[in-house]
1. With respect to the numbered conditions (1) over 19 Å from the mean Cα position of the chain (by Cα); (2) away from the ligand (no atom under 14 Å from the Cβ); (3) surrounded by 15 or more Cβ atoms within 10 Å (Cβ to Cβ), which one is the sole condition not fulfilled by residue 39?
2. It is to be established whether one or more residues within the stretch 185-204 are surrounded by 15 or more Cβ atoms within 10 Å (Cβ to Cβ), in contact with a strand residue (DSSP E or B) (Cβ under 7 Å, 6 or more places away or on another chain) and assigned to a loop (DSSP other than H, G, I, E, B).
3. Please determine, by comparing only the residues of the stretch 211-245 that are closer than 22 Å to residue 32 by Cα and away from the ligand (no atom under 14 Å from the Cβ), which one is surrounded by the fewest Cβ atoms within 10 Å (Cβ to Cβ).
4. Can you name the condition, by its number, that residue 160 falls short on among (1) in contact with a helix residue (DSSP H, G or I) (Cβ under 8 Å, 6 or more places away or on another chain); (2) in contact (Cβ under 8 Å) with a residue 60 or more places away in the chain; (3) within 11 Å of the ligand (Cβ to nearest atom); (4) more than 23 Å from residue 248 (Cβ to Cβ)?
5. Does residue 3 fit the bill of being at pLDDT below 95 and out of contact with any strand residue (DSSP E or B) (no Cβ under 7 Å at 6 or more places or on another chain)?
6. Would you mind telling me which numbered condition in (1) more than 9 Å from the ligand (Cβ to nearest atom); (2) surrounded by 15 or more Cβ atoms within 10 Å (Cβ to Cβ); (3) assigned to a loop (DSSP other than H, G, I, E, B) residue 100 fails?
7. Based on what the data block shows, is residue 145 without any contact (Cβ under 8 Å) to a residue 40 or more places away in the chain and either at positive phi or crowded, with 17+ Cβ neighbours inside 10 Å (or both)?
8. Going by what's in this entry, would residue 25 be described as surrounded by fewer than 17 Cβ atoms within 10 Å (Cβ to Cβ) and within 16 Å of the ligand (Cβ to nearest atom)?
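The values are calculated or read from the model by the stated rules, or taken from the named source; none is laboratory data. Keep in mind that this is a model prediction, so the values were computed, not measured. Backbone-built Cβ (ideal geometry, glycine too); neighbour counts: all protein chains shown.
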Ligand SMILES: NC(=O)c1ccc[n+]([C@@H]2O[C@H](COP(=O)([O-])OP(=O)(O)OC[C@H]3O[C@@H](n4cnc5c(N)ncnc54)[C@H](O)[C@@H]3O)[C@@H](O)[C@H]2O)c1
């Protein structure tokens, strides 16, 4: 992916990206690394992470770190944040991308599937958000006499919602509930993290060409493309560009608590 910001925009910064093994998370991590960030790639499978690490290293100035972790596991997330801090000394940003779907209409939806979808999106986003605060940003705030941080460091959280949070989607009672929760969590986190001078935002993508869409038949994909105003299904790079923009304090320094709609006009808020 071509650079969208100035060269070295994130030089000297550490960014954790969950779900970095494939799809949007992989594109996000690549884009942040291309702009100079030390990225920490988090996903379930170490083998896939190592492949991503090798690919991203080709365009990065700093070799990515990898941490195999299940975002629903409190212990895994604690360790992932601790190892990022141990390796780099600071975490500037977290992009909570990891996600799953288990589509079925309500009458046929198993409770286990419902809980699994909620856990990856809601628990995973909460745990990474809490851990970066608990292990790092809150101690900095306390050391600063409980005064807002004034060290000028870039700090951000970016969460992943979906257009379906506001528009609803058949078969996705769990997924849409989780994404709606993520939008609310983004606002609460923005309020709580103001003292850390961290900006907290979310993006709500429309359909994106990733393995998550693989289950949708070609006719369905074409229908999705037609229902946008842009006329096409997005590529992961469209989302990655928006993440770079939100992560960059020079561009988005006055943006916090927002959910950015990146849906090609499929839904107009
Ligand atoms: N693709 C779309 O059309 C679309 C649309 C709107 C929103 N989104 C959101 O964008 C994000 C990325 O989606 P994608 O399309 O790239 O999906 P994807 O399925 O291609 O990739 C998701 C990644 O998350 C990882 N993951 C899943 N569960 C995990 C867990 N418990 N712990 C750690 N990692 C885990 C997977 O291994 C995978 O690498 C998700 O939050 C999704 O809800 C996607």
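1. (1)
2. Scanning the stretch 185-204, I find at least one residue that is surrounded by 15 or more Cβ atoms within 10 Å (Cβ to Cβ), in contact with a strand residue (DSSP E or B) (Cβ under 7 Å, 6 or more places away or on another chain) and assigned to a loop (DSSP other than H, G, I, E, B), so the answer is yes.
3. Selected residue: 245.
4. So residue 160 meets the others, but not (4).
5. Criteria met by residue 3.
6. Looking at each condition in turn, residue 100 falls short on (1).
7. yes
8. Here the answer is no, as residue 25 does not meet what is asked.
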